[in-house]
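Worksheet: the structure to be examined is printed underneath.
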Amino acid sequence: MKVFIKTYGCQMNVRDSEALAGMLTRSGAELTASEADADVMIFNTCSVRDQAERKAIGKITFMKKYKKLNPELIIGVIGCMAQNRGQELLDKISHLDFALGTGQLHRLTEVVEKIRRHRQQIALLEDSSEVLDAMGMHSNWQNSRPHTGMIAITRGCNRFCSYCIVPYVRGREISRKLSDIVDEAKMLAEQGVREVMLLGQNVAAYGCNGNINPPPANESPFGELLQEIARIDGIKRIRYTSPYPTFFTDKLIDIIASEPKICRNVHLPMQSGSDRILRSMNRQYTAASYLEIVNKLKNAIGEVTFSTDVIVGFPGETDEDFICTKNLMNEVGFDHAFIFKYSPRSGAKSAEWIDDVPQEVKEERNQILLKDLERRSIAGNLSCVGRTLEVMVDGVSPRNPERWSGRTSTARTVVFKYADGMKPGDLINVPIDRAGRVTLFGPGLVGADEEL
Ligand code: 5AD
Ligand code: SF4
């Protein structure tokens, strides 16, 4: 049985697909990158923005042509959109065979078997925490950087930001057992993984029992988890995404500052720089308290880069509100950000409000922030020229086999010349000769102007 998996959305979905790929191959299935070859097609979907849903629905609809050629083909939708609209999709798309919600992914092989035996449409959409334990195993199948591995440490979200559908499609926040996570990290290290990425909707709330308030300043169960993973010899770098800003307690900041394996790049979702909009988004910080967390991190760690998520055109966002966002982004000095144009998500609180910022204004605000980002990114990259930076080798550049690339702890991409014996996952020191818009260049790359 050949299985084709297509993944949309966030890194959590990528990780879920990997775990499913592992589960399928262990049960004897083969994975294929070709739609035409597949006996089973699985679409792991995202619901966070309207665009993501439309893209996946378009693709699934188009797959009817394969079903016509091969009536035995099984097509399923899983993940957030399946959770949100599974039954509706099965009703509307007659060639769709199953919908598995985010709490039911571990039942994939069982469902496929059932459909093979008695052709029928199946929807499994109940929430279940069993999935958390069942999803521990990896295959690193889709991973183009096999020396890195993703580990889900929490599932779900309790925060209910007014624009966001995640709490409704991923269920309540649960943390995995610390020993299970550490065992998984050890197993990955034994398989050659050198960098782990810890994943969750709010990773920094790990071990906080679903409490929406951060722990006291001198506590951080997430920090303790980071320390445990840092003790594993083979693991050289630890990344994590995404942390809710208020969970950066003093304790967590101290732990990050004192453990060099924890990467010097913090993805800190800001969403807006206007206190009025932050309040209506139900984000529990102000622009000033957000900046205070950033400054504490900068003071404690020294060299650190920040990236963020920002929404433009939230209901009621005025020019003044937008300027506050622009200014706060400048003040923090983000050199990377995901900027999203607000889209109402049915089920989330803000969908009840008028989506009153015109599309052109959203686009204009988006462009303004992108321009600022580009300027800061170039300046940040230029500040690295003349320094020697530690880089984890990712592998050969797709455009030129003599050139290799890797990343710094601060998440900058570096291109350098291959040297004998170099392999993915190695930590090497690269003198930086030149900086482009998104890439730093090591020595001897004359005429190497393309960016990765
Ligand atoms: N509209 C636009 N962006 C959204 N995000 C979440 N919900 C919406 C929405 N309704 C963005 C947030 C979040 C990221 C994953 O997606 O910035 O951090
Ligand atoms: Fe959505 Fe807010 Fe939870 Fe992030 S913290 S997943 S934005 S509800």
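The values are calculated or read from the model by the stated rules, or taken from the named source; none is laboratory data. Keep in mind the model is a prediction, meaning the values are calculated, not measured. When we count neighbours, we look across all protein chains shown, and the Cβ atoms used for this are built from the backbone with ideal geometry, even at glycine.
Of all residues in the stretch 14-58, those satisfying the criterion of being acidic (Asp, Glu) and in a helix (DSSP H, G or I) are ASP16, GLU18, GLU35, ASP37, ASP50, GLU53. Looking across the stretch 334-360 at every residue that is surrounded by 12 or more Cβ atoms within 10 Å (Cβ to Cβ) and of a type in the set (S, T, N, Q), the one that is farthest from ASN381 (Cα to Cα) is identified as SER346. Counting only strands (runs of 3 or more DSSP E) that sit completely within the stretch 352-441, those holding 1 or more residues that are more than 24 Å from GLY333 (Cα to Cα) correspond to 388-397, 400-408, 413-417, 427-431. Does ILE181 satisfy being β-branched (Val, Ile, Thr) and in contact (Cβ under 8 Å) with a residue 60 or more places away in the chain? Criteria not met by ILE181. When ASN265 is tested against (1) within 16 Å of ligand 1 (Cβ to nearest atom); (2) in contact (Cβ under 8 Å) with a residue 24 or more places away in the chain; (3) closer than 16 Å to THR308 by Cβ; (4) out of contact with any Leu (no Cβ under 9 Å at 6 or more places or on another chain), exactly one condition is not met: (1). Considering only residues that are touching a helix residue (DSSP H, G or I) at 6+ places or on another chain (Cβ under 6 Å) and assigned to a strand (DSSP E or B), look in the stretch 146-173 and name the one that is nearest to ligand 2 (Cβ to nearest atom). It comes out as ARG155. GLU303 fulfils the conditions (1) assigned to a loop (DSSP other than H, G, I, E, B); (2) out of contact with any Pro (no Cβ under 7 Å at 6 or more places or on another chain); (3) modelled with pLDDT of 95 or more except for a single criterion, (3). Which of the residues belonging to the stretch 90-110 are part of a helix (DSSP H, G or I) and surrounded by 21 or more Cβ atoms within 10 Å (Cβ to Cβ)? LEU105, LEU108 - these are the residues of the stretch 90-110 that are part of a helix (DSSP H, G or I) and surrounded by 21 or more Cβ atoms within 10 Å (Cβ to Cβ).
Each residue in the stretch 331-368 was checked for being among the acidic types (Asp, Glu) and closer than 20 Å to VAL169 by Cα, and 1 of them qualify. As a summary of the residue check, PHE322 satisfies the conditions (1) touching a Pro at 6+ places or on another chain (Cβ under 8 Å); (2) under 24 Å from ARG159 (Cβ atoms) except for the one numbered (1).
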